[in-house]
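Beneath this line is the structure, given in structure tokens, with notes to follow.
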Amino acid sequence: MTIWLSGDLGAGKTTLTRGLLRGLNFFGRVKSPTYTLLEIYPFSSFNLYHFDLYRFADPIEWEESGFRELFNAQSVCLVEWPEKAEGMLPQPDLLIQLDLAGDGRLARLSGNTEEGRRCAQNVMESYLSG
Ligand SMILES: Nc1ncnc2c1ncn2[C@@H]1O[C@H](COP(=O)(O)OP(=O)(O)OP(=O)(O)O)[C@@H](O)[C@H]1O
Ligand SMILES: [Mg+2]
């Protein structure tokens, strides 16, 4: 599963990822991968990879990083700043666009694959049921 997190600096991409990890019962530290580019969270049946590509200067860095092989059937990949590896990144199942909305944030979810659409649907249903 690949999820792109789009939105300006401070839009809440890392915070959303932290929330998702809390939802998966991970209560350890969730650091922004701004400097490390990648933070890894192993779960029993999959690995969650949290990328922040903001510091990519050139899409060629994507090839050299070896990150491509981490996008596989055993992983959930969350990618901040996917625009920085435009054309290189695997297409997302789910796209989340975040924008400031007063003190909070507005999230727009779009599913690109069957799995992504199902995921967006589940999020909407649990949101609406409070
Ligand atoms: N849903 C939210 N409601 C209120 N405040 C939020 C929300 N999401 C994030 N914030 C606040 O916005 C600030 C920036 O959040 P965050 O670091 O998650 O942004 P980001 O999109 O990951 O930024 P960057 O592009 O720099 O990585 C933090 O202080 C965070 O607490
Ligand atoms: Mg961030």
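Computed quantities for the displayed model
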{"read-out": "Accessible-area ranking of 63, 86, largest first, probe 1.4 Å", "value": "86, 63"}
{"read-out": "For the chain, share of DSSP beta bridges that run antiparallel, in % to the nearest 5", "value": "50 percent"}
{"read-out": "Å² per residue, accessible surface of the chain at 1.4 Å", "value": "59 Å²"}
{"read-out": "Solvent exposure, largest accessible area first (probe 1.4 Å, DNA, RNA and ligands not counted), of 117, 29", "value": "29, 117"}
{"read-out": "Apportionment of accessible area to carbon and sulfur, the chain, percent (1.4 Å)", "value": "52 percent"}
{"read-out": "GNM result for the chain, Cα springs below 10 Å: residue of 114, 39, 69 fluctuating most strongly", "value": "69"}
{"read-out": "44, 6, ranked by accessible area, largest first (probe 1.4 Å)", "value": "44, 6"}
{"read-out": "Rule-of-thumb Rg ratio for the range 2-128 [Cα; 2.2 N^0.38 Å; N residues]", "value": "1.02"}
{"read-out": "Mean residue ellipticity (222 nm) of the chain, computed from DSSP H runs ≥ 4 via -39,500 (n - 2.57), nearest 500", "value": "-7500 deg cm²/dmol"}
{"read-out": "The chain: angle of helix 114-128 to the longest principal axis, Cα-based, in degrees nearest 10", "value": "40 degrees"}
{"read-out": "Residue 15 accessible area, 1.4 Å probe, all protein chains in place, Å² to nearest 10", "value": "90 Å²"}
{"read-out": "For the range 1-59 and the range 100-118, distance of Cα centres in Å", "value": "16 Å"}
{"read-out": "Candidates 112, 47, 25: whichever shows maximal mean-square fluctuation once the chain is modelled as a Gaussian network with Cα springs under 10 Å", "value": "25"}
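The values are calculated or read from the model by the stated rules, or taken from the named source; none is laboratory data. Everything quoted here is computed from the prediction, not taken from an experiment. Surface accessibility is based on the protein's heavy atoms, side chains included, excluding ligands, DNA and RNA. Shrake-Rupley method; radii C 1.70, N 1.55, O 1.52, S 1.80 Å.
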